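Read through the structure below, which is laid out as structure tokens, and then see the notes.
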Amino acid sequence: MRAAHSRRNGLTILALVGLLAGMTGLVVASVPLYRLFCQATGYGGTTQRAEAAPAEIGERVMTVRFNTDVSSDLPWRFEPVERQVRVHVGEEKLAFFRARNRANKAVTGRATFNVTPDKAGLYFNKVACFCFDEQRLEAGQQVDMPVSFFIDPAIVEDDELKQVRTITLSYTFFREPDDGAAAAGDGDAPPLQVSDDLRPRTGQGGSNR
């Protein structure tokens with residue numbers, strides 16, 4: 001009888017372990033699945049990625065506004081070089097965002113992003129962006145970081161967005177966890193250490209075609 005009881009306990013433990021492993025697998029799998037869902041639907045203002053802009057440029061002109069924020073643990077100044085640009089649907093546009101590390105040591109950050117209205121994310125395509133990778137700035141370093149984007153001409157066929165003429169692209173920079181979340185000892189950077197690694201090309205607000 002004790003043997004049967006032990007077997008039942010063993011089976012119960014195995015079942016619980018299997019259930020826990022299955023739940024863990026679902027959690028891990030849910031992250032990339034959620035990302036794919038957001039990219040496919042534009043959910044939450046998630047933008048798209050594209051290799052290049054379409055061959056044809058549409059007639060509708062859109063205004064794209066830029067909004068920036070920085071997490072409290074990241075000692076950077078971060079702002080758009082231009083507050084907004086005007087662009088035809090289907091036209092590739094190049095914009096720059098200026099970041100300066102105010103700390104007295106190198107700091108690494110990464111930007112999250114979205115657009116509003118949320119559904120516009122389905123049509124907002126980035127060809128290249130600083131937000132695709134982490135960014136490391138040396139003490140006092142200042143850089144102008146580019147983003148190249150276009151708005152899919154199919155937006156004009158979306159009944160929910162036919163009246164939309166303005167899209168806001170927002171970025172929030174966070175400190176990379178591996179960089180050390182504690183900002184203690186960052187301090188202020190020496191003012192003479194600022195350097196420009198990337199400079200906006202002439203006519204930075206215009207089309208780069």
Taking the condition of being farther than 17 Å from Ala111 by Cα and either surrounded by fewer than 20 Cβ atoms within 10 Å (Cβ to Cβ) or outside the structural domain of Ala99 (by TED's automatic domain parsing) (or both), how many residues in segment 142-161 meet it?
8
Given the criteria free of Cβ contacts under 8 Å to residues at least 40 places away in the same chain and farther than 17 Å from Asp152 by Cβ, does Arg83 qualify?
yes
In segment 129-163, anything farther than 29 Å from Ile57 by Cα and either touching a His at 6+ places or on another chain (Cβ under 8 Å) or not in a loop (DSSP other than H, G, I, E, B) (or both) is listed as Gln135, Arg136, Leu137, Gln142, Val143
Output the number of residues of segment 93-124 satisfying the condition of being surrounded by 21 or more Cβ atoms within 10 Å (Cβ to Cβ) and under 15 Å from Met62 (Cβ atoms).
8
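The values are calculated or read from the model by the stated rules, or taken from the named source; none is laboratory data. All figures in this text were calculated on a predicted structure; none of them were measured in a lab. So basically every Cβ, Gly included, is an ideal-geometry build from the backbone, and we count neighbours across all protein chains shown.
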